[in-house]
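Take a look at the structure below.
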Amino acid sequence: MVPKIASMASTRPLCSLPSIFLSFSLLFVVSLLFFFSNSLLSNPNPRISHNTLQNGINVFVAELPRSLNYGLLDKYWSSSSPDSRIPSDPDHPTRKTHLHKPDKYLPYPENPLIKQYSAEYWIMGDLETSPEKRIGSFAKRVFSESDADVVFVPFFATLSAEMELGNGKGSFRKKNGNEDYQRQRQVLDFVKNTEAWKRSNGRDHVFVLTDPVAMWHVREEIALSILLVVDFGGWFRQDSKSSNGTSLPERIEHTQVSVIKDVIVPYTHLLPRLDLSQNQRRHSLLYFKGAKHRHRGGLIREKLWDLLVDEHDIVMEEGFPNATGREQSIRGMRNSEFCLHPAGDTPTSCRLFDAIQSLCIPVIVSDTIELPFEGMIDYSEFSVFVSVSDALTPKWLANHLRRFSEREKETFRSRMAKVQTVFVYDNGQANGIGPIEPDGAVNHIWKKVQQKVPMVKEAVIRERRKPAGASVPLRCQCI
């Protein structure tokens with residue numbers, strides 16, 4: 001049998017053409033598997049590439065009447081009545097020195113009570129800028145609802161609320177005779193009748209509510225939407241009234257705001273930026289300027305004031321955000337190593353972002369604060385976080401801050417300098433129209449909104465498949 005096998009082997013080719021082809025095919029497949037396995041190991045999330053992130057988010061701007069955005073600025077600047085809440089209104093002086101000429105795009109108010117909430121103006125200004133000047137914008141404006149990831153509602157809700165609050169008539173919490181409420185109602189009546197709202201029940205609509213009282217009367221109607229807010233302070237207080245206690249419950253049963261669907265955005269800073277190269281020797285340890293007593297909350301602030309006011313290297317100034325107060329704040333923040341950031345009416349304030357622009361290391365006294373762009377920025381790299389219980393222990397805070405070495409403080413400031421631009425809205429244009437800072441606040445906001453889009457789309461699909469008449473209660477956030 002052996003010779004026979006040898007004979008057969010000698011008369012048969014060692015490799016037929018089909019076998020050669022099969023061998024090369026297997027070798028090619030193995031090579032591809034090896035290549036992609038290495039790619040997956042080096043990039044554990046291959047679906048999210050750099051190019052994908054650069055594609056931006058498609059935004060459709062709801063076609064609200066102009067009277068609800070830039071028309072409000074016309075109304076504001078044409079008024080001769082100063083803001084009743086401040087001793088000197090920079091926008092409405094007793095003796096008028098100039099009047100703004102009629103223009104399609106007027107500047108946002110300089111009144112610090114309003115300017116600190118100006119995100120709505122800069123976000124809208126970016127979307128109104130001509131396409132050839134928006135190369136650096138993450139939000140790509142589209143003109144069909146079907147092409148959009150989200151629908152932006154261009155209502156200047158903060159300006160509307162602040163104009164009502166500033167008239168001194170005490171009508172804000174009422175509905176009768178409240179022009180702000182009438183505008184809120186007009187916005188909701190309009191968007192609720194659009195096909196885009198009906199498709200998602202408003203879940204993919206974006207509202208800018210930087211003022212804690214913006215759209216106060218209709219919040220329940222926009223609870224499912226993506227809300228751009230400076231913090232959750234006012235919302236939580238309202239939702240936790242049923243806790244029957246003086247402190248917040250461990251879990252807040254709220255259904256209106258959540259870090260899952262909403263975006264925390266920065267206040268507009270009121271003080272100019274200090275470049276790291278211009279930083280000089282600082283002579284005080286800790287600085288704070290503001291009101292000691294706040295009519296909504298602020299109990300921690302009052303206690304801290306009493307504990308710190310007599311420390312020799314700590315400056316506690318009571319003041320108002322007028323021209324004099326601004327100059328004092330510039331000097332105080334640039335002359336101090338640390339700047340105190342306790343809660344006031346709400347957990348955050350523009351004071352935090354003024355400190356960052358002044359390279360004054362923020363000392364954040366809070367157990368529950370939410371901050372803008374977390375996940376993109378690590379605040380612990382340039383801020384000091386202190387629990388309320390530690391801060392209210394006599395001598396604890398001052399002694400804690402004195403233990404930081406010069407090198408540690410320099411490291412904090414160098415890291416802070418790298419993120420100053422992230423909190424800047426202003427594009428340098430008086431009318432708000434023009435190219436934005438690519439690494440600025442507006443683009444970071446839209447990048448955060450983009451992170452919410454998959455969850456929003458999933459919620460819309462779940463809603464569609466529910467049987468007719470079924471009711472599913474809203475859930476609180478659990479993270």
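Give the residue that is nearest to TYR425 (Cα to Cα), with candidates limited to residues of segment 163-209 that are among the β-branched types (Val, Ile, Thr) and buried (at least 21 other Cβ atoms within 10 Å of the Cβ).
VAL208
Which of the residues that make up segment 201-247 are among the basic types (Lys, Arg) and modelled with pLDDT of 85 or more?
Of everything in segment 201-247, those that are among the basic types (Lys, Arg) and modelled with pLDDT of 85 or more turn out to be ARG203, ARG219.
For segment 293-310, which positions are at pLDDT 80 or above and surrounded by fewer than 16 Cβ atoms within 10 Å (Cβ to Cβ)?
Result: GLU302, LYS303, ASP306, VAL309, ASP310.
Run down PRO362, PRO394, PRO435 and say which single residue is outside any helix (DSSP H, G or I) and open to solvent by less than 40 Å² (accessible area, probe 1.4 Å).
PRO362
Testing GLU337 on (1) assigned to a helix (DSSP H, G or I); (2) open to solvent by 10 Å² or more (accessible area, probe 1.4 Å); (3) not aliphatic (A, V, I, L, M), one condition comes back false. Which one is that?
Every listed condition holds for GLU337 apart from (1).
Return the residues of segment 172-195 that are at pLDDT 95 or above and in a loop (DSSP other than H, G, I, E, B); say none if nothing qualifies.
LYS192, ASN193, THR194, listed by residue number.
Take the conditions closer than 23 Å to TYR108 by Cβ and either among the polar types (S, T, N, Q) or not in a loop (DSSP other than H, G, I, E, B) (or both) and apply them to VAL206. Does it pass?
yes
Which one of LYS169, LYS198 is of a type in the set (Lys, Arg), at pLDDT 85 or above and over 20 Å from TYR108 (Cβ atoms)?
LYS198
The values are calculated or read from the model by the stated rules, or taken from the named source; none is laboratory data. Please read these numbers as outputs of a predicted model, since none were measured by experiment. In this analysis, Cβ positions are derived from the backbone assuming ideal geometry, glycine residues included, and neighbour counts consider all displayed protein chains. What goes into the accessible areas is simple: the full protein's heavy atoms, side chains included, and nothing from ligands, DNA or RNA. Shrake-Rupley method; radii C 1.70, N 1.55, O 1.52, S 1.80 Å.
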